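Q: One structure, pasted below without further comment.
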């Protein structure tokens, strides 16, 4: 390009810039020189390439996360257990305990039963409480009676106190008196004697005993190892009504009318009994009437 041509191009560009600065948009005019020389117009087309940067945002498809259900704890529901309402205690169904603070119940299943259930009860501020038992006792081979008589094998029905204790050895802790059995100790069972249903000492030196019916206590070393009198027919309210009813050691079979327990249980009872203790004994339906 000659210097002249360059000056021409510069003039054209200046005119274009001026037009743009004045706000005239559109086409660009070509200016001719006033000289006679024909100017060669160099048309320069500036192509502004606009590059549109397209940012493609790829949106990942929405993922719906379903929360796993909480772990299931298998609950095993036990069938409802309704504890049976406790029925009234036997001791609470006895109409009259004679003002006792302690009661031994001897509860037989029937009139002919030779066994019974023994429970020791004690009065507390909240009512009667079971102290010991149930224990299984042996009773008369003839069953039960209100008036057992002599030699019938029947145990008496009723509510009684306790009397003296005795045994082959010293007192194990019984509080109502105790004697050690020797060769001269007898229990009189002769309804015709004034000594009926009492303990008597008759030394051999005195000769033959004066009673027609009696029990020499030393002759029962198992049963009378430890024993206590049950105050049935004491003092005698009728001769022949019955005598010699004891709480004693069991020999493993029915008695002649007494109440017999294994020795360990018997000793527990003997040490528990005191002056305000009663024994209530008989068939179940009968003792509930007492």
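Every number in this text was worked out from the coordinates using simple rules, so none of it is lab data. In this text the structure is predicted, and so the values were computed from the model without any measurement. A quick note on method: Cβ atoms are made from the backbone with ideal geometry, for glycine too, and the neighbour counts reach across all protein chains shown.
Q: Using label points projected 7 Å from each Cα along Cα→Cβ, tell me how many nm separate residue 271 and residue 124, to one decimal.
A: 2.0 nm
Q: Would you list 179, 166 from fewest to most Cβ contacts within 10 Å?
A: Working: 179 14, 166 24.
By the 10 Å Cβ count, ascending: 179, 166.
Q: Suppose the Debye formula is applied to equal point scatterers at every Cα of the stretch 211-290; what is log10 I(q)/I(0) at q = 0.13, 0.19, 0.24 Å⁻¹?
A: -0.47, -1.00, -1.37
Q: Provide 245, 273 in ascending order of the number of other Cβ atoms located within 10 Å of each residue's Cβ, fewest first.
A: Final ranking by Cβ density, sparse to dense: 273, 245.
Q: Can you figure out the FRET efficiency of residue 136 with residue 201, using R₀ = 25 Å and their beta-carbon distance, to the nearest 0.05? It would help to have the intermediate numbers written out before the result.
A: Working: r = 34 Å, r/R0 = 1.38.
Once the sixth-power term is evaluated, E becomes 0.15.
Q: Can I ask one more? Stretched out fully, how many nm does the piece from residue 219 to residue 289 gain, at 0.36 nm a residue minus the Cα gap?
A: Working: separation 70, 0.36 × 70 = 25.20 nm, distance 3.73 nm.
Full extension of this stretch gives 21.5 nm more.
Q: Still on this structure, I have one more. Taking the Cα-to-Cβ direction at residue 95 and at residue 115 and moving 7 Å from each Cα, how far apart do the two end points lie in nm?
A: 3.1 nm
Q: Please arrange 121, 144, 272, 111 by counting, for each residue, the other beta carbons lying within 10 Å of its beta carbon, fewest first. Can you show the working numbers first?
A: Values: 121 27, 144 24, 272 17, 111 14.
Fewest-to-most ranking of 121, 144, 272, 111: 111, 272, 144, 121.
Q: Averaging over every viewing direction, what projected area does the convex hull of the Cα atoms of the stretch 91-287 cover, in nm²?
A: Working: hull surface 42.0 nm².
For the stretch 91-287, averaging the hull's shadow over all directions gives 10.5 nm².
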